[in-house]
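Please find one structure pasted underneath; my questions will follow.
Only the coordinates and a few stated rules stand behind these numbers; no lab work does. Fair warning: this is a prediction, and the values are worked out from it, not measured in the lab. FYI the Cβ positions are ideal-geometry reconstructions off the backbone, even for glycines, and counts take in every protein chain you see.
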Ligand code: NCD
């Protein structure tokens, strides 16, 4: 089936033009600038016999967002979120590809568990879900996960995760961590690190030091302090100066760490509704993270979508639900208050995470790419009300806040999912 998306402002990390995107089944087959010769004729021709023609009236059309870090809670915690509610929330937030973390019950520590979850997610036909596999068995920190062990034993691989991570916990055993990094490097899978052993700053330096000479593609999750951002900046510069260094380094920041601070956490309840890991930081940290996103030290915006029940929040579970506010929050803080261009913002939310995850078929609007498309009204102002979220997690720190920029429609793999 052909879909012609006509009269849009097409923006991605590289492009900004007015024009039309043509989708045939699941692939973008043409991107035509409105300035091009004979545009009207071409659109007429393309629309003939088309099943669907959508006039965008100048709305922004971009490539579906890619989230390297979300918690989908299945198996084991469906009172917080289900595969379906999380997938719907992702689609409503403009996300078409998501990596979900392994801290479920039981933890996702085998290929079979990851594949079972992915299969169920595929059956929903909403978004493209890639379960992350944990680094250690049962996420207990003392033995490599079955997945990493079986790779060592050269067993046949049926599911290749895009990311390995023990998110939610750091790993104390250095040798075990290094072994995992070596295996990840052989498999060419990035390893995302939750750094909090002896504090984020020390833990960030530690994990980079452990990774040296392993050839690992190391990714630092949710960088939230000025010091940690400084460490990533310095280490990246070192890697660049030395050339191939046996390590590649990338990093992410969350919408909440660039928009909120510790004062707000206190107001919401430092041990309840304002609690998140890593915690909301001081204003100078927040500014430093924005600076690090601007100069390329931090490559990616990742939501760390962490839905919880109200009961769990009141009893100290850390985390915020985040998929449905991510774009508008980043639009406000980065584009609105810090002069990021839309291209820069979309690089952080789509092109860069796709590249780090090795997904060459998405992240940009171009011929031959997967038809993952997000349509946004950049002018639309709306008030956050978690009652309206698709996510079961209503634990947002943004309730009542006015934001500008609303995802209106999401197309995933050629199908309208929101
Ligand atoms: C995460 C969760 O709830 O799974 N929470 C969070 O605040 N980011 C886990 C974690 O990183 O502690």
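For an R0 of 60 angstrom, estimate the FRET efficiency from the Cβ-Cβ distance between residue 381 and residue 150 and round to the nearest 0.05.
That gives a FRET efficiency of 0.70.
Rounded, prolate or oblate: pick one for the stretch 1-147, where a ≥ b ≥ c are the square roots of the eigenvalues of its C-alpha gyration tensor, a/c under 1.5 means rounded, and failing that, prolate if a/b is larger than b/c, else oblate.
prolate
Nearest 500 deg cm²/dmol is fine: what mean residue ellipticity at 222 nm does the chain get from its DSSP H runs of n ≥ 4 alone, each adding -39,500 (n - 2.57), divided by its residue count? Spell out each step's value before the answer.
Numbers: 14 runs with 127 residues, N = 418.
Roughly -8500 deg cm²/dmol at 222 nm, from the helical runs in the chain.
With label points built 7 Å along Cα→Cβ from the Cα atoms of residue 29 and residue 17, find their separation and express it in nm.
With each label point 7 Å from Cα toward Cβ, the separation is 1.9 nm.
Please give the peptides 191-202, 252-263, 375-386 ranked by average Cβ packing (other Cβ atoms within 10 Å per residue), highest first, as a rough proxy for protection.
252-263, 191-202, 375-386
Another question about this same structure. Can you compute the modelled spin-label distance between residue 186 and residue 241, with each label point 7 Å from Cα toward Cβ, in nm?
Reported label-point gap for residue 186 and residue 241 is 3.4 nm.
Now, a different point. Could you tell me the calculated FRET efficiency between residue 311 and residue 401, based on Cβ-Cβ distance and R0 = 30 angstrom, to the nearest 0.05?
The computed FRET efficiency comes out at 0.80.
Further question: In nanometres, what is the gap between the two model label sites at residue 78 and residue 38, each 7 Å from Cα along Cα-to-Cβ?
5.6
If you don't mind, there's one more thing I want to ask. Rounded to the nearest 5, what is the percent of antiparallel bridges among the DSSP beta bridges in the chain?
Beta bridges within the chain, antiparallel portion: roughly 50 percent.
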